[in-house]
1. What ranking, highest mean first, results for peptides 239-252, 35-48 when packing means the other Cβ atoms within 10 Å averaged over each residue?
2. For a test of the definition: using alpha carbon positions, the gyration tensor, and the 1.5 limit on a/c, classify the range 153-260 as rounded, prolate or oblate.
3. Between residue 211 and residue 154, what is 0.36 nm times their sequence separation minus the Cα-Cα distance? Round to one decimal in nm.
4. Report the full-extension gain for the segment residue 81 to residue 147: residue separation times 0.36 nm, less the Cα-Cα distance, to one decimal in nm.
5. Kindly identify the range 34-82 as rounded, prolate or oblate by the Cα gyration tensor criterion: order the square roots of the eigenvalues as a ≥ b ≥ c, call it rounded if a/c is under 1.5, otherwise compare a/b with b/c, prolate if a/b is larger, else oblate.
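Taken together, the values in this text are just the output of simple stated rules run on the coordinates, not laboratory data. Keep in mind it's a predicted model, so treat the numbers as computed, not measured. Neighbour counts run over all protein chains shown; Cβ positions are idealised from the backbone, glycine included.
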């Protein structure tokens, strides 16, 4: 009997989450954000264009600009004494080299910055969100980069906190791959509730998740996807409403018409 009551309680809670999530989503959901100056979809270089350069470097971001990409993605982590450091893998502060490249140094060193820079923020949390926002705001002012930083995180609440403190960034909520079976609709409702409550306008979606189902639910938002390394993959992403497509390939000129 206790087990039956528990299962019934879980079912009721699941229904409540579904209903509440979709209610919030329908009432408060934002709309897609424009990307002036980019093609549609916008093809951006993944970790810079690193075929002949070390990824996540000044050279790779410069190569992305030279190749004609209007945006480049790099990985960053926050350290209290250095600000945002360009680094992909999880590292402790003591493991960083003294000359580790910071985001500020990257921007200072670029002969020409890309139109947009996507920051995959690996360790954003509630403790560093405000400090990171102030740091990014200072870079926006120094480099005239308003509405040109995309800040991506898997953590929705810290992302909203950062956006609150730095409203001139474009926040992108990184969606985890959904569980199988009956938990799938709950996963959808969780995303909907987060978007409804937090107003996040952009979803960062692994290419395997960019399905008819997902676009039917969230296609009115800005959908960014990664990493598509063939023309067929890029065309699939375009057909499913992707606004930005990350690629490692030399596809910058695939779409010539720019968005006005």
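1. 35-48, 239-252
2. Oblate.
3. 18.6 nm is the gain from fully extending residue 211 to residue 154.
4. Stretched fully, the residue 81-residue 147 segment lengthens by 21.2 nm.
5. Judged from the Cα gyration tensor, the range 34-82 comes out oblate (a/c at least 1.5, b/c at or above a/b).
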